[in-house]
């Protein structure tokens, strides 16, 4: 988890994950290992279940949504992947498309990659964590069965 400390520290999901030992903090983008899967909302490639075999690391960049366009316009190391369309469950962006908190993004990616227990564990630290799975459970199941970008796009178009 790259933590750029741009948000209210009391609402920072990345800090909470690090506090409980469920994520390791990186303080600069340069620290991202080159072999990582990096969650990037501006990436052209969508995260697929088969990406599980591309890397042993999953990285999220924890930054303010207001500054995200600046952070993700930089060249990031690693394999860039965007998440398919999902709804946020966090209190700040509830039910908004693509406005996921860092923990929601990591949990969604873990779920799609086949690590469903990990996704549940990450979300269990937050009162609203179960709501994320309630809102997106059917979608996450469908996304985790997708075999290609075309499958994912078809699933997205069915729901959205």
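The values are calculated or read from the model by the stated rules, or taken from the named source; none is laboratory data. Computed from a predicted model, the values in this text were never measured in an experiment. Note that we place each Cβ from the backbone using ideal geometry, even for glycine, and neighbour counts take in every protein chain shown.
Scanning the stretch 14-60 for residues that are at pLDDT below 85, within 22 Å of residue 153 (Cβ to Cβ) and in contact with a helix residue (DSSP H, G or I) (Cβ under 7 Å, 6 or more places away or on another chain) gives no hits. Here residue 84 passes the criteria (1) in a loop (DSSP other than H, G, I, E, B); (2) over 15 Å from the mean Cα position of the chain (by Cα); (3) buried (at least 18 other Cβ atoms within 10 Å of the Cβ) except the one numbered (2). Confirm whether residue 122 is part of a helix (DSSP H, G or I), touching a strand residue (DSSP E or B) at 6+ places or on another chain (Cβ under 8 Å) and either modelled with pLDDT of 90 or more or surrounded by fewer than 13 Cβ atoms within 10 Å (Cβ to Cβ) (or both). No. Note on the stretch 101-119: among residues that are in a helix (DSSP H, G or I) and surrounded by fewer than 17 Cβ atoms within 10 Å (Cβ to Cβ), the one that is farthest from the chain's Cα centre (by Cα) is 117. Could we say that residue 154 is within 21 Å of residue 38 (Cα to Cα) and surrounded by fewer than 22 Cβ atoms within 10 Å (Cβ to Cβ) here? No; evaluated as a whole, the condition is false for this residue. For the criterion of being surrounded by 19 or more Cβ atoms within 10 Å (Cβ to Cβ) and modelled with pLDDT under 80, residue 2 passes. Taken over the stretch 15-41, the criterion of being part of a helix (DSSP H, G or I) and over 17 Å from the mean Cα position of the chain (by Cα) is satisfied by 19, 30, 31.
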